1. Work out the FRET efficiency for residue 63 and residue 122 from their Cβ-Cβ distance, taking R0 = 45 Å, and round it to the nearest 0.05.
2. Taking θ as phi - 60°, what are the ³J(HN,Hα) couplings along the range 124-135 by the Karplus curve (6.51, -1.76, 1.60), each to the nearest whole Hz, with x for Gly and Pro?
3. Applying a 10 Å radius around every beta-carbon, put 153-161, 123-131 in order of their mean neighbour count, most first.
4. Name the shape class, rounded, prolate or oblate, that the alpha-carbon gyration tensor gives for the range 57-153, where a ≥ b ≥ c are the square roots of its eigenvalues, rounded holds for a/c under 1.5, and otherwise prolate holds if a/b is larger than b/c and oblate otherwise.
5. Could the peptides 88-97, 60-69 be put in order, highest first, of the mean number of other beta-carbon atoms found within 10 Å of their residues?
6. Can you give me the relative contact order of the range 49-193 as a percent, contacts being Cα pairs under 8 Å and 6 or more apart?
7. Please give the FRET efficiency for residue 142 paired with residue 78, using the beta carbon to beta carbon distance and R0 = 35 Å, rounded to the nearest 0.05.
Amino acid sequence: MCFKAFFFLTSRFSKKIFEINLFCFSFGNHWAILFSHPNDFTPVCTTELARVAKLIPEFEKRSVKVIALSCNSVKSHIQWIKDIKAYGEITEANFPYPIIEDESRTIVTALGMLDPDEVDSTGLPVSARSVFIIDPKKKMRLSILYPATTGRNFDEILRVIDSLQLTDKHKVATPVDWKVIEMKSRLCIEEAK
Ligand code: BEZ
């Protein structure tokens, strides 16, 4: 399936609109995160997309590609990105991940992302705050669905990815509140002993 997405290319040719093949998005050895928000230009959504933009280096460290989605148009995404960048004090010219338009609700309906409690100005239902984590074999490994009124914690998403990647590699399970401990701080503790 191909869905139209807005993409700022990380090249000097900046703004471009692409058709992308969602199935191929997590190509190669990459993981992928597809996440939806209820509406462009709304306060909580703006904070979330700015936070994800700030966390892109962390996602890249883990070989994770990020793609956002809402039922708004590409035109709306392009205007809204200016607000997201201003709020997040993002100075790079190019927005670091694509935002899919789904005005037809094709994707959100197929993937169960609609929030029956939230409607847009025309009375149509909009997407909830859902997150799908997809592994390099294109298998969905986690899905969460938050109501529109609750912003997500993307540090938790990174923590889950760390756990998934670790437990894929080693026969272990991670306990409550588990986190990767930075080697540097562990060395400091050892040195202090
Ligand atoms: C928000 O992003 O602020 C928001 C969007 C939909 C419903 C409630 C809050």
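Readers should treat all values here as calculations from the given coordinates under stated rules, not as data from a laboratory. Keep in mind the model is a prediction, meaning the values are calculated, not measured. Quick reminder, even Gly has a Cβ in these numbers, built from the backbone with ideal geometry, and neighbours come from all protein chains shown.
1. Details: r = 39 Å, r/R0 = 0.87.
Once rounded, the FRET efficiency stands at 0.70.
2. 7, x, 10, 6, 7, 8, 9, 9, 10, 9, 10, 8
3. On the way: 153-161: 16.7, 123-131: 18.9.
Ranking, from highest mean packing down: 123-131, 153-161.
4. Numbers: a/c = 1.75, a/b = 1.10, b/c = 1.59.
It is oblate, given that a/c is not under 1.5 and a/b is not larger than b/c.
5. Put in order of decreasing packing, that is 60-69, 88-97.
6. Details: 136 pairs, mean separation 25.0, N = 145.
Relative contact order comes out at 17 percent.
7. Values: r = 30 Å, r/R0 = 0.86.
Calculated value: 0.70.
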